[in-house]
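Enquirer: Let me begin by handing over the structure; questions about it come next.
The values are calculated or read from the model by the stated rules, or taken from the named source; none is laboratory data. As the structure is a prediction and not an experimental result, all values here were calculated from the model. Cβ sites come from the backbone with ideal geometry, for glycine too, and all protein chains shown count toward neighbours. Ligands, DNA and RNA are stripped out before the accessible areas are found, and what is left, the full protein with its side chains, is counted by its heavy atoms. Shrake-Rupley method; radii C 1.70, N 1.55, O 1.52, S 1.80 Å.
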Amino acid sequence: MNPTQLAAQVEAFVRETIAPYERDPRCTPHGPSEELVAELRDHARAAGLLTPHIANGTHLTHRETAHVLRAAGLSPLGPVALNVAAPDEGNMFLLGRVATPEQKQRFLDPLVAGTARSAFFMTEPATDGGAGSDPSMMQTVARQDGNHWVIDGRKAFITGVQGAKVGIVMAKTGEGATLFLIDLPDPAVRIERVLDTIDSSMPGGHSIVAIDGLRVPADQILGEPHKGFDYAQIRLAPARLTHCMRWLGAATRAHEIACQYAVKRHAFGKPLIDHEGVGFMLADNRIALQQAWLMIDWCAGVLDSGVAGIAESSMAKVAVSDLLFGVADRCVQVMGGTGVSGDTIVEQVFREIRAFRIYDGPTEVHKWSLAKRIKRETLARMEG
């Protein structure tokens, strides 16, 4: 099956099978329940669409993945059902690139099979002065003890740790950082609390976690010791972009709902869409959705060329998150009171995309990083 056909199948599956679950009471403020996740994945498995971007151990190209993940994102439940949601999708990508054959069998295979979820432990509480957008501030430490490493620290905003079976923990080791693979749950990894956040699509929500004396065998180091920051970069650029892909699908669906509302709803003697103020907002949406797709396709092409794409993914993440937030905001505005209610998924899409502007680094951090690059390039040209 070629990627275009696959994306079409995924879209039909999400619209017809998964979208009806959006009002299911098992959709909680901290994401769909484990029971609902399993049920949705059973549907995807039966349809032959579970983990569709990975087939027989081969990953689709980034451009091909974009079509599939956009289709999955047409429902907030789509990425979870199809097993292409964050953080699992990014963790699978990283494990596929860095893990040993033994580690892949133990940690990656259950993720690809959709029988396990995972968590990536990097960010830390601001109250501890820990790492957020600046990983060099990391406070969590790992010390070697014979053939094991012992990890201590606190992590914050750890997505999906509640209910996860696989963890990737980043800890400071000497002058660098190291990534450790762990089985979950573990008594040394304690969820202090699940945070109340504006988004609600990710199973397990986002937690603050205490790590006290976690012992990890040396053979569970992911990659080489002290190179954790380098490995995180392998995950980072593609993960930024797959967020863009999924939320493009969500914004597209919100736009469809807003268009249908504007055609059916009448005010002042005619359909809302015939009022210029409303029609122009929907036209702006169409333009923004196309711009977002072009940015995604461009950045995916850069990654497919073998370039790390750090700057390109920053540009795409900033542009797409801002564009899609504008789309979601206009959808709410077009629909008025209905747009801020739970009668449709529009208000959820608005909340989710607002949070997306923080995921994987807020807009301002990406712009700051790009500005530093611009300065270096400009000085180099001037000196040349």
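Enquirer: Specify the residue that is most open to solvent (accessible area, probe 1.4 Å); the eligible residues are those in the stretch 84-109 that are assigned to a loop (DSSP other than H, G, I, E, B) and more than 13 Å from VAL166 (Cα to Cα).
Expert: The initial filter retains those residues of the stretch 84-109 that are assigned to a loop (DSSP other than H, G, I, E, B), namely 84-87, 99-100.
Remaining after also requiring more than 13 Å from VAL166 (Cα to Cα): 84-86, 99-100.
Numbers: VAL84: 0, ALA85: 11, ALA86: 21, ALA99: 11, THR100: 57 Å².
Per the stated criteria, the residue is THR100.
For every residue, the table says whether it meets (1) of a type in the set (Ser, Thr, Tyr); (2) touching a Lys or Arg at 6+ places or on another chain (Cβ under 7 Å).
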| residue | (1), (2) |
| --- | --- |
| THR17 | yes, no |
| TYR21 | yes, no |
| PRO25 | no, no |
| ALA46 | no, no |
| ALA55 | no, no |
| THR61 | yes, no |
| LEU74 | no, yes |
| GLU89 | no, no |
| GLY96 | no, no |
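Enquirer: Further, regarding this structure: Are there any helices (runs of 4 or more DSSP H) wholly within the stretch 268-371 with 1 or more residues that are hydroxyl-bearing (Ser, Thr, Tyr), and if so which?
Expert: On the way: elements: 276-304, 310-339, 346-356.
Counting at least 1 such residues, we get 310-339.
Enquirer: Within the stretch 204-217, can you find the residues that are open to solvent by less than 30 Å² (accessible area, probe 1.4 Å) and at negative phi? Give the steps one after another, and end with the answer.
Expert: Keep residues of the stretch 204-217 that are open to solvent by less than 30 Å² (accessible area, probe 1.4 Å), which gives 204-211, 214, 216.
Selection gives HIS206, SER207, ILE208, VAL209, ALA210, ILE211, LEU214, VAL216.
Enquirer: Moving to a separate point now. Please enumerate the residues belonging to the stretch 129-186 that are buried (at least 18 other Cβ atoms within 10 Å of the Cβ), assigned to a loop (DSSP other than H, G, I, E, B) and at positive phi.
Expert: Passing the criteria: GLY160, GLY163.
Enquirer: Does the stretch 252-288 hold any residues that are open to solvent by less than 50 Å² (accessible area, probe 1.4 Å), aliphatic (A, V, I, L, M) and either free of Cβ contacts under 8 Å to residues at least 12 places away in the same chain or more than 27 Å from SER75 (Cα to Cα) (or both), and which are they?
Expert: Passing the criteria: ALA267, ALA283.
Enquirer: Given the structure, is GLN291 surrounded by fewer than 18 Cβ atoms within 10 Å (Cβ to Cβ), touching a residue at least 12 places away in the same chain (Cβ under 8 Å) and within 23 Å of ARG70 (Cβ to Cβ)? Before the answer, list the steps.
Expert: Working: surrounded by fewer than 18 Cβ atoms within 10 Å (Cβ to Cβ): yes; touching a residue at least 12 places away in the same chain (Cβ under 8 Å): yes; within 23 Å of ARG70 (Cβ to Cβ): yes.
In short, yes.
Enquirer: So ALA7 ticks every box in (1) part of a loop (DSSP other than H, G, I, E, B); (2) closer than 28 Å to GLN290 by Cα but one. Which box is left unticked?
Expert: (1)
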